[in-house]
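Novice: The following block contains the structure, expressed as structure tokens.
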Amino acid sequence: MIKKVIITGANGFLGSALTNFLAKKGVKIFAIVRNEHSNIERLNNDENIEVIYCNLSEITKLEQLIPDRDIDVFYHLAWSGASGHERANYKTQLQNVAHSLECANQAMVLNCKKFISIGTIGEFMATLALKNNIVSENFTYAISKHFYHSLLDIFCYKNDIQYTWCTLSGVYGSGDNTSNLINYTIQTLLSKQEPEYTKAEQLFDFIYVEDCVRCLFEIGKRENTEKYYYIGGICPKPLREFVEEIRDTVSPNSTLGFGKRPEDGTVYKKEWFTMNKTMQLLNFQHNYTFEQGVKKTFEWIKSKGQNN
């Protein structure tokens, strides 16, 4: 059973959900956030949560900031420029790689039993694009994640660190303030406007945040785990079908602007979405269908007045 963990990016969308979930289970969490000016409103007021202010660029200070040496899991979720224009900033992404490797080193120094790091389904797409000589700065973030993953393999092998890489796809839900496809669609429909998309024929996958957190917990608490897990929804399908499900939940009579945006060349292969294997290895079952997750997200957005 997990008793103590470190979580970087603990005040983010996924980080706060994981932090609050573990705290409710009685786990002691060292919640790493950037600095004293960081917004920590997402974190519950729980005695099990200890906020540690430490920028990733100064992550070597963790060994002084955390005196404990009996920590079960180091969850590394923090990554600057994971969305928006900074995804294409090579300086930001290279700094992420260096800082993330130092997180693994700190996990070793702190004698953590396991290191868990987060990847993106975009890694597969970026690697495929490079093989086909498709060059785009839009792949900078995904390529940096892949580069970090490769270096982490080497570092953890050399230092005998038990680690797991978790590739996430389409995590969504209450508390996410980004303009991801689900939020964009809900907010646009609430505003009585027509959302616009490409033809949306490519495969994709979504997982509600609470299911994602439960899966990360399962991976963290087991003594013997695989080096790799894919964490996604129940079954991938064409993006168009997901969008239509959102429309049917939010505003059934609204029209959807498929084909009004140019194609971006995005191609996802079915074999990348290996959640069935993860479910078998962990004996994991989703608590939320996509429809149920969208309904909860829809209610949250309405409660916040985010369509105004």
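The values are calculated or read from the model by the stated rules, or taken from the named source; none is laboratory data. The model shown is predicted, which means the values in this text are computed figures rather than measured ones. In this analysis, Cβ positions are derived from the backbone assuming ideal geometry, glycine residues included, and neighbour counts consider all displayed protein chains. All accessible areas refer to the heavy atoms of the entire protein, side chains included, with ligands and DNA or RNA removed. Shrake-Rupley method; radii C 1.70, N 1.55, O 1.52, S 1.80 Å.
Novice: Please specify each residue of segment 100-125 satisfying the condition of being out of contact with any strand residue (DSSP E or B) (no Cβ under 9 Å at 6 or more places or on another chain) and either under 15 Å from Tyr75 (Cβ atoms) or open to solvent by less than 20 Å² (accessible area, probe 1.4 Å) (or both).
Specialist: Step one: of segment 100-125, the residues out of contact with any strand residue (DSSP E or B) (no Cβ under 9 Å at 6 or more places or on another chain) are 101-102, 105, 109, 111, 122, 125.
Hit for segment 100-125 is Gly122, nothing else.
Novice: Would you please list the contacts, defined by Cβ atoms under 7 Å and residues six or more apart or on different chains, that run from a residue in segment 95-122 that is acidic (Asp, Glu) to a residue that is crowded, with 18+ Cβ neighbours inside 10 Å?
Specialist: Listed pairs, sorted by first residue: Glu102/Ile59.
Novice: Another one. Ile246 is checked against (1) part of a helix (DSSP H, G or I); (2) open to solvent by less than 90 Å² (accessible area, probe 1.4 Å); (3) at pLDDT below 95 and fails just one. What number does that condition carry?
Specialist: Single failed check for Ile246: (3).
Novice: Looking at Asp211, Asp205, can you tell me which residue is open to solvent by less than 10 Å² (accessible area, probe 1.4 Å), closer than 24 Å to Thr8 by Cα, touching a residue at least 60 places away in the same chain (Cβ under 8 Å) and among the acidic types (Asp, Glu)? Before the answer, list the steps.
Specialist: On the way: Asp205 fails: closer than 24 Å to Thr8 by Cα.
One residue alone meets the criteria, Asp211.
Novice: Please go through segment 19-37 and give me each residue that is outside any strand (DSSP E or B), more than 17 Å from Trp79 (Cα to Cα) and open to solvent by 40 Å² or more (accessible area, probe 1.4 Å), ordered by number.
Specialist: Here is the first cut: in segment 19-37, the residues outside any strand (DSSP E or B) are 19-27, 34-37.
Subsequent filtering for residues that are more than 17 Å from Trp79 (Cα to Cα) retains 20-27, 36-37.
Correct list: Phe21, Lys24, Lys25, Gly26, Glu36, His37.
Novice: May I pose another question? Listed residues Leu151, Leu189; which is aliphatic (A, V, I, L, M), surrounded by fewer than 18 Cβ atoms within 10 Å (Cβ to Cβ) and over 15 Å from the mean Cα position of the chain (by Cα)? Show your work before the answer.
Specialist: Details: Leu189 fails: surrounded by fewer than 18 Cβ atoms within 10 Å (Cβ to Cβ).
None of the other options fit; the residue is Leu151.
Novice: Starting from segment 224-250, take each residue that is over 18 Å from Lys270 (Cβ atoms) and list its partners that are surrounded by 14 or more Cβ atoms within 10 Å (Cβ to Cβ) and among the polar types (S, T, N, Q), counting only C-beta distances under 7 angstrom and pairs at least six apart or across chains.
Specialist: Thr225/Thr164; Glu226/Thr164; Lys227/Thr164; Val243/Thr185; Ile246/Thr185; Arg247/Ser254
Novice: Could you pull out the residue among Ile2, Ile66, Ile6, Ile59 that is in contact with a helix residue (DSSP H, G or I) (Cβ under 8 Å, 6 or more places away or on another chain) and over 17 Å from Phe217 (Cα atoms)? Outline the logic, then answer.
Specialist: Details: Ile2 fails: over 17 Å from Phe217 (Cα atoms); Ile66 fails: in contact with a helix residue (DSSP H, G or I) (Cβ under 8 Å, 6 or more places away or on another chain); Ile6 fails: over 17 Å from Phe217 (Cα atoms).
Sole residue among the options that is in contact with a helix residue (DSSP H, G or I) (Cβ under 8 Å, 6 or more places away or on another chain) and over 17 Å from Phe217 (Cα atoms): Ile59.
Novice: Could you look through segment 38-73, keep only residues that are assigned to a loop (DSSP other than H, G, I, E, B) and open to solvent by less than 40 Å² (accessible area, probe 1.4 Å), and pick out the one that is nearest to Ala10 (Cα to Cα)? Working first, answer last.
Specialist: Taking segment 38-73 first, the residues assigned to a loop (DSSP other than H, G, I, E, B) are 38-48, 54-55, 66-72.
Then keep just the ones that are open to solvent by less than 40 Å² (accessible area, probe 1.4 Å); that gives 38, 43, 48, 54, 66, 68, 71-72.
Details: Ser38: 11, Leu43: 8, Asn48: 13, Cys54: 11, Ile66: 15, Asp68: 18, Ile71: 16, Asp72: 16 Å.
The residue in question is Leu43.
Novice: Hey, another quick one. Out of the residues in segment 217-226 that are in a helix (DSSP H, G or I) and open to solvent by 30 Å² or more (accessible area, probe 1.4 Å), state the one that is nearest to Trp272 (Cα to Cα). Walk me through how you get there before you give the answer.
Specialist: Taking segment 217-226 first, the residues in a helix (DSSP H, G or I) are 217-221.
Still in the running and open to solvent by 30 Å² or more (accessible area, probe 1.4 Å): 218, 221.
Working: Glu218: 21, Lys221: 25 Å.
Selected residue: Glu218.
Novice: Within segment 74-97, is even one residue open to solvent by less than 10 Å² (accessible area, probe 1.4 Å), over 23 Å from Phe139 (Cα atoms), of a type outside the set (D, E, K, R) and outside any helix (DSSP H, G or I)? I'd like the intermediate steps shown before the answer.
Specialist: Step one: list which residues in segment 74-97 are open to solvent by less than 10 Å² (accessible area, probe 1.4 Å), which gives 74-76, 93, 96-97.
Then drop every residue that is not over 23 Å from Phe139 (Cα atoms), which leaves 74-75.
So of that shortlist, the ones also of a type outside the set (D, E, K, R) come out as 74-75.
Next, only the ones that are outside any helix (DSSP H, G or I) stay: 74-75.
So far as segment 74-97 goes, yes, one or more of its residues are open to solvent by less than 10 Å² (accessible area, probe 1.4 Å), over 23 Å from Phe139 (Cα atoms), of a type outside the set (D, E, K, R) and outside any helix (DSSP H, G or I).
Novice: Take the residues in segment 250-308 that are assigned to a loop (DSSP other than H, G, I, E, B) and among the aromatic types (Phe, Trp, Tyr); name whichever of them is surrounded by the most Cβ atoms within 10 Å (Cβ to Cβ). Walk me through how you get there before you give the answer.
Specialist: Residues of segment 250-308 assigned to a loop (DSSP other than H, G, I, E, B): 251-256, 258-269, 273-274, 283-289, 305-308.
Those still in the list that are among the aromatic types (Phe, Trp, Tyr) too: 258, 268, 273, 284, 288.
Values: Phe258: 17, Tyr268: 19, Phe273: 22, Phe284: 16, Tyr288: 18.
Among those residues, the one meeting the criterion is Phe273.
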